[in-house]
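Okay, structure first, notes after.
A short reminder: the numbers here are calculations on the coordinates, not readings from a lab. Just so it is clear, the model here is predicted, and its values are computed rather than measured. With ideal geometry, Cβ positions are generated from the backbone for all residues, glycine too; neighbour counts draw on all protein chains shown.
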Amino acid sequence: MTAAELKYLTAINELYDGKVGIKLISIAAKMNVTKVSVYRAVERLENHGYIKRDDKNKVVMTEHGYEQLEKYNVLIGWLNNHLQKYCRVSAETAYNDAIGAVCAFSDETRLAIAEFMAKAEEKVND
């Protein structure tokens, strides 16, 4: 997933209440972009199975979308915290760089980092 796609998926998640689909214009307003940009992003996210459209052409999150968003957010949060704490990067820069870095990683690398984080957490809790 690209950083832009992740930002769209995050915005959709924030707007979606789990019941009523979201209009493209609502996503455009939240992201401060054109409806055309949202339409293109929605198509890409839909092709990956992160979202779908209901019978009224409104956007709804899929279970796959929730799962992937959670996985990305765990890694982004971890990297963001480490950039701020150990590298003294400002909060805004750390967050944006964490998104870019995590989205640039391959699936293999994201999985390896998640496993590393789980092992590190086990050691801390022992």
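Structure notes:
- R0 of 22 Å, Cβ-Cβ distance Glu46-Asn81: FRET efficiency to nearest 0.05: 0.10
- Anisotropy class of segment 3-61 from Cα gyration tensor, a/c 1.5 cut: rounded
- Kirkwood hydrodynamic radius over Cα pairs of segment 1-99, then Stokes diffusion coefficient at 37 °C and 0.692 mPa s, in µm²/s: 232 µm²/s
- Once both labels are positioned 7 Å from their Cα atoms along Cα-to-Cβ, the gap between Glu63 and Asn96 label points is 3.7 nm.
- Approximate spin-label separation Asp107-Tyr39, in nm, with each point projected 7 Å along Cα-to-Cβ: 3.0 nm
- For the chain, the longest principal axis of the Cα atoms and the long axis of helix 63-87 meet at an angle of about 40 degrees.
- Between Ala120 and Val20, the distance separating the two model label sites (each 7 Å from Cα on the Cα→Cβ line) works out to 4.2 nm.
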